[in-house]
Amino acid sequence: MNKLLFFLLICFAATSCVTTSKTTSTAQEVITKIVKDTVYVAEKRKKPKNIILMIGDGMGLTQISAGMYMNNNQLALEKFPVIGLHKCHADNDLITDSAAAATSFASGIKTYNGAIGVDRNKKPVVTILELAEEKGLATGLVATSTIVHATPASFIAHQPQRKMYEEIAADFLTTEVDLFIGGGKKYFDRRVDSRNLLDEFTAKGYQINTFLGKSLEELEMPTANFGYLTADSDPIPVARGRDYLPYASTFSCKFLDKRSPKGFFLMIEGSQIDWGGHANDSDYIITEMLDFNESIENVLEYAKKDGNTLVVITADHETGGYAIQKGSKMGEIKGAFTSDYHTGDLIPVFAYGPGAEAFAGIYENTAIFDKIKEAFGF
Ligand SMILES: [Zn+2]
């Protein structure tokens, strides 16, 4: 912006020089047009009203490449004009887990593996979702794991260990989150403490639906805060019939758009790309990757129509040390693995929409929070 101001000053200075020397008005018009165009570019760099962060869990460059080669050599990610890389390591380990990584995205700090919305001293840290709520924006979380799993949990809960699923579920009641869609119904209504959180949500004015009733597609657009539990425990892999993510992505954008005139923050996770990596199962990775790709396509379509939405896509880490082997062909990938856990590779970031340019370059994963916060103007 400093460069831009400098340029404008030069233009105005030039305009006044031209005026004093009484040159033809054509020169003045040309300069006026340059100034107008520059102002137009500056206006185009406006702040987004909505920000959608999409996280492909375990989605490194090989996962993206394999998905692309198995999809006629194309992915929705190719439509993103700005690309960066982030350093995914945790505070206490070069190899991060999803909890530490998502806490970095959500709150801008490095923390220990297993931490859900807490710092290295187990103290709660404010999340971008909580900040958005505080500023009057609508908020939402969507995942293809349980909704209390590490990635979505780190945006809304504060617990010292990721496996504290029932405590994490109870933390959902402490914010006014407008929407959550994911598995894990049992952590809400069959709990050790006998609380029925689904009833508590209903008492708070939420519309709660589950996989036991109508499908998401069959529902009318809710007019209250909304929760949909897609499975009792973990949702099944897409290859075995899970199909809600692409529809839920469009649904969530349209729903949140109506919830607040100030805008919204939405996090969507393609959770099971990671599980394919842990299983060293190339087909699992690819089918989940292509499901996530469809979701990206839908979100991009919404963002393009809306014009005020910034979409940021990244991963928490790579999983499996996945590589494409010789003998692979377009449409036929032979994958190999060096690990059944996460790896320490740099992770790509893709951005589209107003404010996207801030996501170019190489930075720590904590900068994702800083950049989103700045884009919102918080
Ligand atoms: Zn994992």
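Compute the acute angle (0 to 90°) between the alpha-carbon long axis of helix 25-44 and the principal axis of greatest extent of the alpha-carbon atoms of the chain; round to the nearest 10°. Computed tilt is about 10 degrees. In the chain, the DSSP beta bridges split such that about 30 percent are antiparallel, to the nearest 5.
Relative to the longest principal axis of the Cα atoms of the chain, helix 98-107 runs at roughly 40 degrees.
For the range 99-184, relative contact order (Cα pairs under 8 Å, six or more residues apart, normalised by length) works out to 32 percent.
When peptides 317-327, 110-120 are sorted by average Cβ neighbour count within 10 Å, with the highest value leading, the order is 110-120, 317-327. In terms of packing, defined here as the mean over residues of other Cβ atoms within 10 angstrom, the peptides 187-194, 152-159 line up highest first as 152-159, 187-194.
Relative to the longest principal axis of the Cα atoms of the chain, the long axis of helix 282-306 lies at roughly 40 degrees. Panel order for MET68, MET221, by other beta carbons found within 10 Å of each beta carbon, from fewest to most: MET221, MET68.
Pairs exceeding 25 Å between alpha-carbon atoms, taken from LYS46/LYS123; LYS262/LYS371; LYS87/LYS326: LYS46/LYS123; LYS87/LYS326. Each of PHE180, PHE172, PHE201 has some number of other Cβ atoms within 10 Å of its Cβ, and from fewest to most they run PHE201, PHE172, PHE180. Convex hull volume per residue, computed on the Cα atoms of the range 314-378, equals 120 Å³.
When each of the peptides 259-267, 238-246 is scored by how many other beta carbons lie within 10 Å of its residues on average, the order from highest to lowest is 259-267, 238-246. Summary value for the chain: 29 percent relative contact order, contacts being C-alpha pairs under 8 angstrom separated by 6+ residues. When you restrict to C-alpha pairs under 8 Å that are six or more residues apart and normalise by the size of the range 226-325, the relative contact order lands at 29 percent. Using amide H atoms built 1.01 Å from N in the peptide plane, name the residues 5+ places from VAL118, or on other chains, whose amide H lies under 5 Å from its own. Residues meeting the amide H criterion: VAL125, GLN159.
Helix content alone sets the calculated 222 nm mean residue ellipticity of the chain: runs of n ≥ 4 DSSP H residues at -39500 (n - 2.57) each, divided across all residues, give -11500 deg cm²/dmol. Rg/Rh for the range 105-244 stands at 0.96; both radii use Cα atoms, and Rh follows the Kirkwood definition.
Order by neighbour count: THR338, THR175, fewest other Cβ atoms within 10 Å first, most last.
Working: THR338 11, THR175 17.
In increasing order of surrounding Cβ atoms, one gets THR338, THR175.
Across the chain, the fraction of Cα-Cα pairs farther apart than 37 Å, rounded to a whole number, is 23%.
Bear in mind these aren't lab numbers, they're just calculated from the coordinates by the rules spelled out. Please read all numbers here as calculations on a predicted model, not as lab measurements. Glycine gets a Cβ as well: all are built from the backbone with ideal geometry, and neighbour counts include every protein chain shown.
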